[in-house]
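Peer 1: Just dropping this structure here.
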Amino acid sequence: MLKQYPMLRYVLQKGFWYLLTFVFAVALNFALPRVGGSDPVDIIMGQAGKGLSPTEAQLKKAELLVSFGMAELDDQGNAVYEPELDANGQMVTKKVAKLDENGQPVVKKSIVKDVDAEGNPVLVERQKLDENGEPVFEEKPVLNKKGKPVMIKDKKTKKKVAQVEKIAVMEKVQSEHEQIDTIMVDEVVMKTEPKRASAISQFFAYIGNVFKGDLGKSYTNNTEVTTIIKNALPWTLLIQAPTILLGWIIGNLLGAFAAYKRGIFDKVFFPVAMFLNGVPYFVFGMLLVALFSITLGWFPAVGNMSPDISEFSFSWTCIKSVGWYYILPFFSCFPILLSGQATGMRSMSIYELGTDYMKYAKWLGLREGKIISYVFRNAMLPQLTGLAQSLGAMVGGALITEMIFSYPGLGMAMLDAINKQDYATIQGCTLMISTCVLIANFAVDVLIAIFDPRVKAGLQMGGK
């Protein structure tokens, strides 16, 4: 079916191979921190564990193992812990309080006999109790001072009888007290570190998380890596995308025009372009800062917007401030990119002007604009490859510029992660750069197939 659509077949074939390359890049990104038996979690804990208590360090390490996909998880996504074993391979247990359904310790009450330090019973005097637990009393006559019974008149018999009183019958018994004990049960002692997943499980977990957009968490600020990239990437694209695209378009136009016209324009333009093409970004950026910021004071030297603005918004004040801070970073890259594209385009255009089909076009008397369009179209094809490399590297290529101007882009985020050994952020940034390179190259392959008549003819004839 795809034979009827050679361009679609070409795009799908290229897309398949670029997808495989992306999977390989993900695998390489996964493997590099583990080369030589190294463990990114142990390396991170060397920094993150400082100042933490043993319990906090254990929790932090478990969190990092889960974040890196290095811990085995249960069905609920919780880390699995293995039991501790003794020298005989038996599970180690410890006594712990039994808990009720509310999580409270279960207790039992008991009566404990008191003994002294030598283990002898401690006796106390108390009222005797009968078999029903009732206090026992005995009746004794009340005696007067002379020791004789006191006689009183009985109301019923009207006779005098001795007055009696009830006296508690006392006995000596061992003292006791009520004791409340927590019920203890045996509990298996679990290892403090989660069970490590196998390398294959870790790899597929990492692949799955990448395709879900989960690149882990930064241990330095407990922020999702995708959030860090999301906040930094727009500022990098703001510097790189306009400079690369405008530099490519304008540079190629000027290079083609210089090659075709030659004369005084080419004699002035070409040396200037060659000189700028040899100037490093950071040197040109520092010259701009020294002249226009420090000496003349026209533009701010560092930052992406005024310190008075807390966060970016689409208000006129914020956009104006961002634009004002953007001028120096833009012009630190734009002239160099433009000159590089212009010199390359000039060389390719001079080559195209010397070909037979150009001479034939001039003999036919074609319009000058038509001839220039042919020159530009054919000389542009190698330039597309350069554009792919520039677009692919633009995410990480602004590092020096971002450092000079303290621009909060992806390059600065990656540099900060490297300094802090934040592997999750480093992996996320490098994977983002790799992805951008692959997407840019894939897009340029498609553009070459569209613009290059030789490729298009090969596709139509059934070539690959």
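Peer 1: With every protein chain left in place and a probe of 1.4 Å, what is the accessible surface of Leu12, to the nearest 10 Å²?
Peer 2: In the full protein context, Leu12 sits at about 90 Å².
Peer 1: How much solvent-accessible surface does Tyr351 expose, in Å² to the nearest 10, with a 1.4 Å probe and all protein chains in place?
Peer 2: Solvent-accessible area, nearest 10 Å²: 140 Å².
Peer 1: Also, I was wondering about something else. If I stretch the segment between Lys370 and Glu171 completely, what's the gain in nm (0.36 nm per residue apart, minus their alpha carbon distance), one decimal?
Peer 2: So the extension gain works out to 58.7 nm.
Peer 1: Still on this structure, please answer the following. Quote the FRET efficiency, to the nearest 0.05, computed for Arg126 versus Val150 with a Förster distance R0 of 30 Å and r equal to the Cβ-Cβ distance.
Peer 2: It comes out at approximately 0.55.
Peer 1: About the Cα centre of the chain, what is the dipole size in debye to 20, counting +1 per Lys and Arg Cβ and -1 per Asp and Glu Cβ, all else neutral?
Peer 2: Magnitude of the dipole: close to 1240 debye.
Peer 1: Still on this structure: From the P(r) of the range 172-299, can you give the percent of Cα pairs sitting at distances over 19 Å?
Peer 2: 79 percent
Peer 1: Still on this model: So what are the ³J(HN,Hα) numbers for the range 230-242, from phi and the Karplus equation (6.51, -1.76, 1.60; θ = phi - 60°), rounded to whole Hz, Gly and Pro as x?
Peer 2: The phi angles translate into 4, 6, 8, 4, x, 6, 5, 5, 5, 7, 7, 4, x Hz.
Peer 1: To continue, here is another question. Counting Lys and Arg as +1 and Asp and Glu as -1, what is the net charge of the other residues whose Cβ lies under 11 Å from the Cβ of Ala258?
Peer 2: Value of the local net charge: +3.
Peer 1: Between Asn222 and Lys320, what's the calculated FRET efficiency when r is the beta-carbon distance and R0 is 35 Å? Round to 0.05.
Peer 2: About 0.55, to the nearest 0.05.
Peer 1: List residues of the range 53-74, by number, whose backbone nitrogen lies under 16 Å from a label position 7 Å along Cα→C-beta of Lys94.
Peer 2: The answer is 54-59.
Peer 1: Something else: Report Rg (one decimal) and Dmax (nearest whole number) for the chain, counting Cα atoms only, units Å.
Peer 2: 44.2, 167
Peer 1: Figure the gain on full extension for Val136 and Val107 (residue separation times 0.36 nm, minus the Cα-Cα span) and round it to one decimal in nm.
Peer 2: Contour length minus the Cα-Cα distance gives 7.0 nm.
Peer 1: Sticking with this one: For the range 104-155, which GluC sites (Glu not before Pro) are in a loop by DSSP, counting at most 16 other Cβ atoms within 10 Å?
Peer 2: Glu118, Glu131
Peer 1: Also: Might you tell me the accessible area per residue for the chain, computed with a 1.4 Å probe and given in Å²?
Peer 2: The answer is 61 Å² per residue.
Peer 1: Could you check how much of the accessible area of the range 94-245 is carbon and sulfur, as a whole percent, using a 1.4 Å probe?
Peer 2: Reported share for carbon and sulfur atoms: 53 percent.
Peer 1: In addition: Which one, Leu253, Trp324, Pro307, is farthest towards the positive end of the dipole of the range 252-362 when Lys and Arg carry +1 and Asp and Glu -1 on their Cβ?
Peer 2: Checked the options; the winner is Leu253.
Peer 1: Nearest 10 degrees, 0 to 90: what angle lies between the long axis of helix 263-277 and the longest principal axis of the chain (Cα atoms)?
Peer 2: 20 degrees
Peer 1: Determine the gain in length on full extension of the stretch Asp75-Ala301; use 0.36 nm per residue of separation and subtract their C-alpha separation, reporting nm with one decimal.
Peer 2: Extra length available between Asp75 and Ala301 comes to 76.0 nm.
Peer 1: Calculate, for Phe331 and Asp416, the FRET efficiency according to 1/(1 + (r/R0)^6) with r their C-beta to C-beta distance and R0 30 Å; round to the nearest 0.05.
Peer 2: Efficiency, rounded to the nearest 0.05: 0.70.
Peer 1: While we're on this one: Leaving out same-chain residues fewer than 8 places away, which lysines sit with a Cα under 21 Å from that of Lys155?
Peer 2: The qualifying lysines are Lys140, Lys166.
Peer 1: Of all the accessible heavy-atom surface of the range 304-435, with the other protein chains kept in place and a 1.4 Å probe, what percent is carbon and sulfur?
Peer 2: Accessible surface attributable to carbon and sulfur in the range 304-435 totals 63 percent.
The values are calculated or read from the model by the stated rules, or taken from the named source; none is laboratory data. Just so it is clear, the structure is predicted and the values come from calculations on it, not from any experiment. Don't worry about glycine lacking a Cβ; one is built from the backbone with ideal geometry, like all the others, and counts go over all protein chains shown. Heads up: the accessible areas ignore ligands, DNA and RNA and are worked out on the full protein's heavy atoms, side chains in. Shrake-Rupley method; radii C 1.70, N 1.55, O 1.52, S 1.80 Å.
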